[in-house]
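The values are calculated or read from the model by the stated rules, or taken from the named source; none is laboratory data. Because the structure is a prediction, the values reported are computed rather than measured. Don't worry about glycine lacking a Cβ; one is built from the backbone with ideal geometry, like all the others, and counts go over all protein chains shown. Surface accessibility is based on the protein's heavy atoms, side chains included, excluding ligands, DNA and RNA. Shrake-Rupley method; radii C 1.70, N 1.55, O 1.52, S 1.80 Å.
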Amino acid sequence: MRDDSFPVEWTGRQALVAFPGHVGISNVDQLRDRLLAVINRGAAVLIADMTGTASCDHSGVEAIARACQRAATNGTRIRLAVTAPGVRRVLAIEGLDRMVPIYPSLEAAAAAGDGPGWPHGNSATVSAATARSVTPAVLWQLLDVLGDGLMLVTHDGTIGLVNRRCAEMLGYRREELTGLPVDALVPSDVRAAHQGYRAGYHREPMPRPMAERARLVALRKDGATLPVEITLSPVPTASETFVLAVIRNATEPGRRNDLLDLAQGVVADQPQVTRDLLDRVVNRLYQVGLSVQAASGLPGDVARGRLAEALDQLDDVILQIRSYAFEHPAPLATGWSAS
């Protein structure tokens, strides 16, 4: 007899598995077999439609977790669509929200796209000719092409600067994130604890992962939760100490470690002159972000003046990078070299 407890709909290499009202010991074997069959068939994306699920016990969560482990091996991305608060709570308690993104609706799960990956190609060499070709637009593209999210946070927890990848992961436009409290990106049930952790980090800043456990959970604009890995590095400047967060989507398999190593290495292991350069560049970029944010609500002529100031600040950053490239021609530990 055909088992229709967990019907599957295919759209190309995307599979939609519909869950029943209850997921638990009574149907956990069918659930496990169905999910593994879809993954083994080569699905690129598996959407678990739990919008009609009112209850889920430990055995059901364990079956989903085992499927996530198989999916990570096969390269399948799993997304959960969950509407019942009780079910979301159970998944969070069991730690499943640190393994897969959980969306508040089926439409949000289906619409979630994959962000850009790490750029391909060989390591670059900075020469006099290429340095002269650096423009403000190129500098922004450099930040935006990175496969990991970057976020610069002030001492009071305000987001000062993000790159495009960070905004895409969290479902925002970049200008929406700038000026937002970083605590708004934390699920409400752990927000108070996060505020305490953040205050403690600012009292004793040091390069380190944000938590001892491997993964954390970020709250997207659409209400979905996303498993992330975060590394923090303090960036002291003349005015204050910022925190640079490198944010990685933990559901993406096989990600490279280049950017995390760079964020930790520049602050902890590179020469003092490199750390000084980082301090100056980060401070300038933060000021640019403030100028662009302020210009958005000003009259045309005034806004153009603010944007011109921002471009001047970017020119200063470019000059500092050029000077460093010429004065320190030795290859860098990350595989990039300057000559």
Task: In region 136-170, residue modelled with the highest pLDDT [restricted to those that are in contact with an Asp or Glu (Cβ under 8 Å, 6 or more places away or on another chain), surrounded by fewer than 20 Cβ atoms within 10 Å (Cβ to Cβ) and more than 22 Å from Pro236 (Cβ to Cβ)] - done: Arg164
- [ ] Taking Leu16 as the residue in question, decide whether it is touching a residue at least 12 places away in the same chain (Cβ under 8 Å) and closer than 19 Å to Arg220 by Cα.
- [x] no
Task: Condition broken by Ser188, with the remaining ones in (1) open to solvent by 20 Å² or more (accessible area, probe 1.4 Å); (2) touching a helix residue (DSSP H, G or I) at 6+ places or on another chain (Cβ under 9 Å) satisfied - done: (2)
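Answer yes or no as to whether Met99 is closer than 25 Å to Gly171 by Cα, at pLDDT below 90 and within 26 Å of the chain's Cα centre (by Cα). Talk me through it step by step, then tell me what you get.
Details: closer than 25 Å to Gly171 by Cα: yes; at pLDDT below 90: yes; within 26 Å of the chain's Cα centre (by Cα): yes.
When the stated conditions are applied, Met99 passes them.
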Task: Complete set of residues in region 48-87 that are open to solvent by 50 Å² or more (accessible area, probe 1.4 Å) and touching a residue at least 60 places away in the same chain (Cβ under 8 Å) - done: Ala72, Arg77
